[in-house]
Amino acid sequence: MFRSGVKITQMPLDLTHKALVTRPRLETFKAIGNRTGIFTAEMLDFFERFDIAKYGSEGGPLHDPTTIAYLLRPELFAGRFVNVEIETGSELTRGMSVADWWGVTDRAPNVTFMREIDADGFFALLVERLARLP
């Protein structure tokens, strides 16, 4: 896929782990007061405890919503156009996306690779959109 020539934007897990559902963010979802906000808070409260235990962080990441947030508000993200290859030779890192952030391989860029997210802006967008629902 990375060699297909189509325009690709990648949201790696390192990025999504910068936007964690912390306890205050969870309470903000609940405070929306509609069914959707309350359901979202309850669902994330249930699932996030496994992520917290697994990663030892203050909350769990939301992977898929970052893609939709990028489509709605790309200014919440920062990255650059770099070369990305999939590691296939190492037993330790087989299948890993390797981004040549510093251009050391001299390979042509093929992916817009995101590294930064405005986590507060991301969650504000989620709250704004969830508040529109019943």
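The values are calculated or read from the model by the stated rules, or taken from the named source; none is laboratory data. Quick caveat, the model's predicted, so the values are computed rather than measured. Cβ coordinates were reconstructed from backbone atoms using ideal geometry, including for glycine residues, and neighbour counts include every protein chain displayed.
Go through the stretch 13-29 and give me each residue that's farther than 13 Å from Gly59 by Cα and either of a type in the set (Val, Ile, Thr) or at pLDDT 95 or above (or both). Give the steps one after another, and end with the answer.
Let us first name the residues in the stretch 13-29 that are farther than 13 Å from Gly59 by Cα, namely 13-15, 28-29.
Leu15, Thr28, Phe29, listed by residue number.
Exactly one condition in (1) surrounded by fewer than 16 Cβ atoms within 10 Å (Cβ to Cβ); (2) free of Cβ contacts under 8 Å to residues at least 24 places away in the same chain; (3) outside the structural domain of Phe2 (by TED's automatic domain parsing) is not met by Ala131; state its number.
(2)
Exactly one of (1) surrounded by 13 or more Cβ atoms within 10 Å (Cβ to Cβ); (2) without any contact (Cβ under 8 Å) to a residue 24 or more places away in the chain; (3) under 15 Å from the mean Cα position of the chain (by Cα) is unmet by Ile52. Its number?
(3) is the only condition that Ile52 fails.
Quick one: which helices (runs of 4 or more DSSP H) lie wholly within the stretch 1-74 and hold at least 2 residues that are closer than 25 Å to Glu116 by Cβ and touching a Gly at 6+ places or on another chain (Cβ under 9 Å)? First the steps, then the outcome.
On the way: elements: 13-16, 23-31, 35-55, 64-72.
The qualifying helices (runs of 4 or more DSSP H) are 23-31, 35-55.
Kindly provide the set of residues from the stretch 93-124 that are touching a Pro at 6+ places or on another chain (Cβ under 9 Å), closer than 19 Å to Phe77 by Cα and outside any strand (DSSP E or B), ordered by number.
The answer is Phe122, and nothing else.
Hey, could you check the stretch 17-35 for residues that are touching a residue at least 60 places away in the same chain (Cβ under 8 Å) and not hydrophobic (A, V, I, L, M, F, W, C) and say which is surrounded by the fewest Cβ atoms within 10 Å (Cβ to Cβ)?
Arg35
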